[in-house]
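The values are calculated or read from the model by the stated rules, or taken from the named source; none is laboratory data. Owing to the predicted nature of the structure, the values given are computational and were not obtained by experimental measurement. Heads up, the Cβs are rebuilt from the backbone with ideal geometry, glycines too, and the neighbour counts pull from every protein chain shown. For accessibility, only protein heavy atoms count, side chains too; no ligands or nucleic acids. Shrake-Rupley method; radii C 1.70, N 1.55, O 1.52, S 1.80 Å.
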Amino acid sequence: MNRRLLPAVMAAVAAELAAVALMGTAAWLIARASEHPQISAVAVAIVVVRALALGRGVLRYADRLLGHDVALAAVTAQRTRVYEALIPLAPDGVAAFRSGDLLTRLVDDVDAVQDLLLRCVIPATVATGVAVAATGFTATLSLPTAVILAIGLLLAGILVPWLVFVSTGRTRAEKAVRGALAAHTTDLLRGAADLAAFNATGSAAATARDLNGQLVAFERRRAMTAGLATAAILLIHGATVIAAIVSVRHAGLPLTTAIVLVVLTVAVFEVVTPLPGTARKSRDVRTSARRLESLTAARVPVPEPQEPATPDGHILEVRGLRVPGRLDDPVDLVVRPGRTVAVAGPSGVGKSTLLAVLMRFVDYEGSVTIGGRELRTLPGDDVRALITGVTQDAYVFDASIRDNLALAKPDATCDELADAARRARLLDWIESLPDGWDTRAGSGGVSMSGGQRQRLLLARALLADPVILLLDEPTEGLEADTAQALLADLRSATRDRATLLVTHSPVAHEVADEVHVLGAVADRPGDLFGHAGRHPSGRERLTPVDTGRDADEFGEAGAERAQRRAADRETDLGDAQVAAAQQRHGPLDPSGHQIPVR
Amino acid sequence: MRATQRRLTREIPAIRRHLVVTGLLAISTAVCVVLQASILASVLSGAAVSLLFGLAGVVVARAALAWAQQMLAQRAATTVKAELRGRVLDHIRRMGPLRAGRERHGELTTMVTRGLDALDPYFTSYLPKTVGAAVVPPLVIAALAVTDWISAVVVVVTLPLIPVFGALVGMHTRRRTARQWALLSRLGGHFLDVVAGLPTLRAFGRARDQIGVVHRMSDDHRRATLRTLRVAFLSSLVLEWVATLSVALVAVPVGLRLMSGDVDLATALLVLFLAPEAYLPLRAAGTAFHDSAEGVAVADRVFATLDDAPAPQRAATGGVSDAHDLVFDDVTVRYPDRDMPAVTGISMRIRAGERVGLVGPSGAGKSTLLAVLLGFVEPESGRVTVGRRDLADLPLAAWREQIAWVPQKPHLFAVSVADNIRLGRPGAPIEHVVQAARAAAADEFITRLPDGYDTLLGENGSGLSMGQRQRIAIARAFLRDAPILLFDEATAHLDAESEAAVAAASARLMAGRTALVVAHRPALLDHVDRVVTIRSGQR
């Protein structure tokens, strides 16, 4: 950036100097001509006037181009720098990492560096350079006039912008209203169905309209200040010119000198005119810069080890694991190759935190080892190469389905992609799409159903092929039968690989070799999923349950019970043509399969 | 571009008024400029110092005019932005859930906030500069012609070169700017997308690879912008040249004529002061083009959005009485832009007060049936009747008044928890809210939140678990207390504990109501009178 900044600033200063010098020289030419000298006396001035007239345009062109170049290069550097700073912080080190509002603001803040250069640094430097040069030149001819010019330039170039700077203090309140408007607009769009169903669209829109009105009030107030600053500069300019005329008259300077000095005074104020705008802008820029600083100064949640170790083996052992405030009761579990371990428990008990620990997104107390090595001693990326999968905040990028999958394995072949999609039962859908693999998944994956999104995330995790596959509610939003089929496929796909499954779904537990219940103890195995109660003491603990021996696990609480009741009831289907009520086969399984009941 | 500008002026009358005011201000300013230049020229060539009082008066007038001009321009911009923002918000309000779900939320939200700000320079810079370019040069030339007609001729001959060059280069940049906008939003969107997906990138060890991609995309952006600017600024280079060279063309001859005594000093100085003022507005208008382009592009997109009109509102009014059978009669629903119907030939009757469970594989169209009842989508063929009346003839608002809906993925609004529960009963007292929350097994976690029921939720309830969000939605339904309950995959996100609690709560909720329940899990089906299976795309 520095490499580009100097030429840009130099071109800008030179361009403005050329403009002022052009007027000065032309004035001198005319003043001198009025004394009726020989042509040779003004010949040089004529050449200079023409040269400046040509050079001014070229310099201005260079100035603008170089200025934009340096500003955009700064944006690139800033984006890269902030992104890099964010890497170790995601997702846990920045409080509201998942807020779209914050992210949008972040992008704005990052891009504000462009305004810092183009609209603050360069104009201020130009004004300073030209003002100093003009005052210095004036001082060589008339000290009093130089003093007058200096006072005028200081008032117009520093006092007025400073007043603008301190009086533009409402930007924070205005930004708050803007933020609220953005949030409400998003709510109107994303919550459109909820609003419509509850007849609340009108009042939500009224709130947005109200915010629109508040924004108008803010902007109108700003309009008054903007005009005042320009008017003030014009007044200072006029006063300075009048004072300069009086001073040159008073000093009895020669006519030529007097004219040049006054014309110079008239011309040089051009450079301070944009400074109130600069002041306004620099306030915005400062606000943005402060927010970015707080971001880059944030504490990294998981420090990297000083002397990284390498794991020896593929067994994951968790002993007395705690994350204060998020996972309060010690977790003990072992995941061996080929074993599928499920973790259940009520929401908020820390299931997702457990996975975040295993992926080194959150630091921990106690012991977690893979291949005998403590996770703390391993580089985070090495850990995630071994332990990864579908997280709760898994993101679908605004990119093609292929790119969304392939990010888990950039060098994957088409066959590998198709295989992963097939195992997640997504391939048929992808191939049925008009654009197939090139279909855009859309921002936030809005064009997909919840099930399809989940399958896409699953396919991506399968493609990543980790040693220990983490699945956080992989069947969330899926129908029981498709979920079961998916898990059956998963089971065959993960036969040689350890899998840690976080779930609340009873169907999912069927594929697990082992179930740990986090934060609750089942009174009876049969009630595990029906009425998982708290331990009487209130202490939460982890209880392994071997699913193989719990024949009754899904019995009464499961499908069979509901199926019987449904079948027992008289199903009056009316005279209309009716969808079949459940007769012989389970209501959750229209394909004709009985849900296995042991 | 022109069409968009014309449409702006046509649809927002304030703009036309503003143009007239701007024109008057520009004329007044031009008169001041001429006066100021002639006083200055007289004083510098030896006139009495008392003329300076006149100069002071002109300066004050110019300052007042400048203040008024900027203030009015910003106010006009504010008015227009508020108007367009209001229209977009109104458009969003009317588009209905189906459309809203398909919109790119980020783009529309940006349009309503930052996007419209691109119109600021259009009013504060482009319009006054354009009007100035039309009004000021003739006045200045007239003054010049009175002073020294030879100089006036030089200006008149060179002045048209500026619009000619301007038009030539302008045509070229216009297309590029439009393209650049698309590129800009794509590249801008890319950075946001990458940052939003950073946790996922880290999960698969790809975060550091993206550093290079971020750098490259951003640098592509810089290069693309500079390519446009290199041409765009070339036009202003030519304009600068015409203008500055013309000053030289005026100043040098007038100096030479002064030497030979053809003109006096005052005249020569006035020519020197006035000549640049003739070019200045045109040069300014040349650079102002960039100020307009982005704003017009935004206005273009606003109009494009507004023209993509949502389905007309139903005109039906009046009330809807409760306790009627709901009958689906051979209903087929096809979503716009989809080849396959979401449901085909569904027929069923739900008797008043009956509780019916809907089951079937994902994608079978269970949620679609609820969407039909909610009036989010209309059947392509077949019909739904409520009592004897066709659903399509019912006044939508009054009909929805009869319904409480627990959606599959409830949206939580950026307001307090209490107001989120109040969604269907805006004026409900807090006791009723707490009661509803208790019934939905949500009271316990809500009271544990920092400000309890007054806790402001982040964007879409960030910080709350799926189970907690679902329970807030159930509390909404409790508070709504409507005769018809539509329950959509309500237990899909809940842990076992809340699932049991919610099942009990929803049993209470269903009691005495007509209920249509999309269920995956047995718990809810315990409390229905009847279970209906919907198969892929059809009954």
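Taken together, the residues in the stretch B:341-363 that are within 9 Å of chain A (Cβ to nearest Cβ), in contact with a strand residue (DSSP E or B) (Cβ under 6 Å, 6 or more places away or on another chain) and either more than 26 Å from B:Ala397 (Cβ to Cβ) or of a type in the set (Ser, Thr, Tyr) (or both) amount to 5.
Go through the stretch A:140-225 and tell me which helices (runs of 4 or more DSSP H), entirely inside it, have 3 or more residues that are free of Cβ contacts under 8 Å to residues at least 60 places away in the same chain and open to solvent by less than 10 Å² (accessible area, probe 1.4 Å).
Output list reads A:171-190, A:192-197.
Only one residue in B:Ala371, B:Ala414 is touching a strand residue (DSSP E or B) at 6+ places or on another chain (Cβ under 9 Å), in contact (Cβ under 8 Å) with a residue 60 or more places away in the chain and among the small types (Gly, Ala, Ser). Which one? On inspection, the qualifying residue turns out to be B:Ala371.
Here is a yes/no grid of residues against (1) modelled with pLDDT of 90 or more; (2) touching a Lys or Arg at 6+ places or on another chain (Cβ under 9 Å):
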| site | (1), (2) |
| --- | --- |
| A:Glu374 | yes, no |
| A:Ser400 | no, yes |
| A:Arg422 | no, no |
| A:Gly450 | no, yes |
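Report whether or not A:Val49 is more than 8 Å from every other protein chain (Cβ to nearest Cβ), in a helix (DSSP H, G or I), of a type in the set (A, V, I, L, M) and buried (at least 20 other Cβ atoms within 10 Å of the Cβ). The answer is no for A:Val49.
Here is a check on your reading of the model: is B:Arg438 in contact with a His (Cβ under 8 Å, 6 or more places away or on another chain) and either more than 9 Å from chain A (Cβ to nearest Cβ) or closer than 24 Å to B:Thr514 by Cα (or both)?
Working: in contact with a His (Cβ under 8 Å, 6 or more places away or on another chain): no; either more than 9 Å from chain A (Cβ to nearest Cβ) or closer than 24 Å to B:Thr514 by Cα (or both): yes.
Spelling it out, it is not the case that B:Arg438 is in contact with a His (Cβ under 8 Å, 6 or more places away or on another chain) and either more than 9 Å from chain A (Cβ to nearest Cβ) or closer than 24 Å to B:Thr514 by Cα (or both).
Restricted to the stretch B:147-174, and to residues there that are modelled with pLDDT under 85 and open to solvent by less than 40 Å² (accessible area, probe 1.4 Å), the residue that is farthest from the chain's Cα centre (by Cα) is B:Ile162. Among the residues in the stretch B:273-285, are any in the same structural domain as B:Ser151 (by TED's automatic domain parsing) and outside any helix (DSSP H, G or I)? No: zero hits.
Taken over the stretch A:205-232, residues that are within 17 Å of A:Phe165 (Cα to Cα), more than 7 Å from every other protein chain (Cβ to nearest Cβ) and β-branched (Val, Ile, Thr) amount to 1.
Modelled with pLDDT under 90, farther than 30 Å from B:Leu265 by Cα and of a type in the set (Lys, Arg): does that describe B:Arg114? In short, yes.
Say we look at the stretch B:36-70 and pick out the residues that are touching a Lys or Arg at 6+ places or on another chain (Cβ under 9 Å) and either under 22 Å from B:Leu280 (Cβ atoms) or assigned to a helix (DSSP H, G or I) (or both); which of these is nearest to the other protein chains (Cβ to nearest Cβ)?
At the first step, the residues of the stretch B:36-70 found to be touching a Lys or Arg at 6+ places or on another chain (Cβ under 9 Å) are B:36, B:43, B:49.
After this cut, where a residue has to be either under 22 Å from B:Leu280 (Cβ atoms) or assigned to a helix (DSSP H, G or I) (or both) as well, the list is B:36, B:43.
On the way: B:Gln36: 8, B:Val43: 6 Å.
Only one residue fits best here, namely B:Val43.
Just one of the listed residues (B:Gly512, B:Gly461, B:Gly467) is in contact with a helix residue (DSSP H, G or I) (Cβ under 6 Å, 6 or more places away or on another chain), modelled with pLDDT under 85 and more than 7 Å from chain A (Cβ to nearest Cβ), and it is B:Gly461. Just the residues that are open to solvent by less than 30 Å² (accessible area, probe 1.4 Å), facing chain B (nearest Cβ under 9 Å) and part of a loop (DSSP other than H, G, I, E, B), please, taken from the stretch A:379-398. Of everything in the stretch A:379-398, those that are open to solvent by less than 30 Å² (accessible area, probe 1.4 Å), facing chain B (nearest Cβ under 9 Å) and part of a loop (DSSP other than H, G, I, E, B) turn out to be A:Thr391, A:Ala394, A:Val396, A:Phe397.
Among the residues of the stretch A:341-359, the one identified as open to solvent by 10 Å² or more (accessible area, probe 1.4 Å) and closer than 20 Å to A:Pro305 by Cα is A:Ala356.
Somewhere in the stretch B:307-317, is a residue more than 13 Å from chain A (Cβ to nearest Cβ), modelled with pLDDT of 85 or more and open to solvent by 60 Å² or more (accessible area, probe 1.4 Å)? Step through it out loud before you land on a result.
Keep residues of the stretch B:307-317 that are more than 13 Å from chain A (Cβ to nearest Cβ), which gives B:307-309, B:312, B:315-317.
Now drop any that are not modelled with pLDDT of 85 or more, which leaves B:307.
Those left that are additionally open to solvent by 60 Å² or more (accessible area, probe 1.4 Å): B:307.
Checked against the condition, which is being more than 13 Å from chain A (Cβ to nearest Cβ), modelled with pLDDT of 85 or more and open to solvent by 60 Å² or more (accessible area, probe 1.4 Å), the stretch B:307-317 yields at least one hit.
For A:Val132, indicate whether it is surrounded by 18 or more Cβ atoms within 10 Å (Cβ to Cβ), among the β-branched types (Val, Ile, Thr), away from chain B (no Cβ under 14 Å) and in a helix (DSSP H, G or I). Please lay out each step first, then the result.
Details: surrounded by 18 or more Cβ atoms within 10 Å (Cβ to Cβ): no; among the β-branched types (Val, Ile, Thr): yes; away from chain B (no Cβ under 14 Å): yes; in a helix (DSSP H, G or I): yes.
For A:Val132, the condition - surrounded by 18 or more Cβ atoms within 10 Å (Cβ to Cβ), among the β-branched types (Val, Ile, Thr), away from chain B (no Cβ under 14 Å) and in a helix (DSSP H, G or I) - is not met.
Being open to solvent by less than 20 Å² (accessible area, probe 1.4 Å), part of a helix (DSSP H, G or I) and of a type outside the set (A, V, I, L, M, F, W, C) is a description that applies to B:Thr22. The residues on offer are A:Phe198, A:Phe97, A:Phe165, and the sole one that is modelled with pLDDT under 85 and among the aromatic types (Phe, Trp, Tyr) is A:Phe97. Exactly one residue out of B:Thr109, B:Thr124, B:Thr130, B:Thr113 is within 11 Å of chain A (Cβ to nearest Cβ), open to solvent by 20 Å² or more (accessible area, probe 1.4 Å) and in a helix (DSSP H, G or I), and it is B:Thr124.
A quick yes/no check of all residues on (1) open to solvent by 20 Å² or more (accessible area, probe 1.4 Å); (2) within 14 Å of another protein chain (Cβ to nearest Cβ); (3) of a type in the set (Gly, Ala, Ser):
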{"site": "A:Arg339", "(1), (2), (3)": "yes, no, no"}
{"site": "A:Ser400", "(1), (2), (3)": "no, yes, yes"}
{"site": "A:Glu416", "(1), (2), (3)": "yes, no, no"}
{"site": "A:Trp429", "(1), (2), (3)": "yes, yes, no"}
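Identify, from the list B:Ala243, B:Ala224, B:Ala232, B:Ala203, the residue that is within 7 Å of chain A (Cβ to nearest Cβ) and either of a type in the set (Phe, Trp, Tyr) or on the phi < 0 side of the Ramachandran plot (or both).
Working: B:Ala243 fails: within 7 Å of chain A (Cβ to nearest Cβ); B:Ala224 fails: within 7 Å of chain A (Cβ to nearest Cβ); B:Ala232 fails: within 7 Å of chain A (Cβ to nearest Cβ).
B:Ala203 is the lone residue from the list that is within 7 Å of chain A (Cβ to nearest Cβ) and either of a type in the set (Phe, Trp, Tyr) or on the phi < 0 side of the Ramachandran plot (or both).
Scanning the stretch A:256-287 for residues that are assigned to a helix (DSSP H, G or I), of a type in the set (S, T, N, Q) and either more than 13 Å from chain B (Cβ to nearest Cβ) or over 13 Å from A:Ala244 (Cα atoms) (or both) yields A:Thr256, A:Thr278, A:Ser282, A:Thr287. Residues in the stretch B:36-88 that are buried (at least 21 other Cβ atoms within 10 Å of the Cβ), closer than 24 Å to B:Leu306 by Cβ and among the β-branched types (Val, Ile, Thr): B:Thr78, B:Val80, B:Val88.
Within the stretch A:62-73, the presence of a residue that is surrounded by fewer than 20 Cβ atoms within 10 Å (Cβ to Cβ), part of a loop (DSSP other than H, G, I, E, B) and within 9 Å of chain B (Cβ to nearest Cβ) is excluded.
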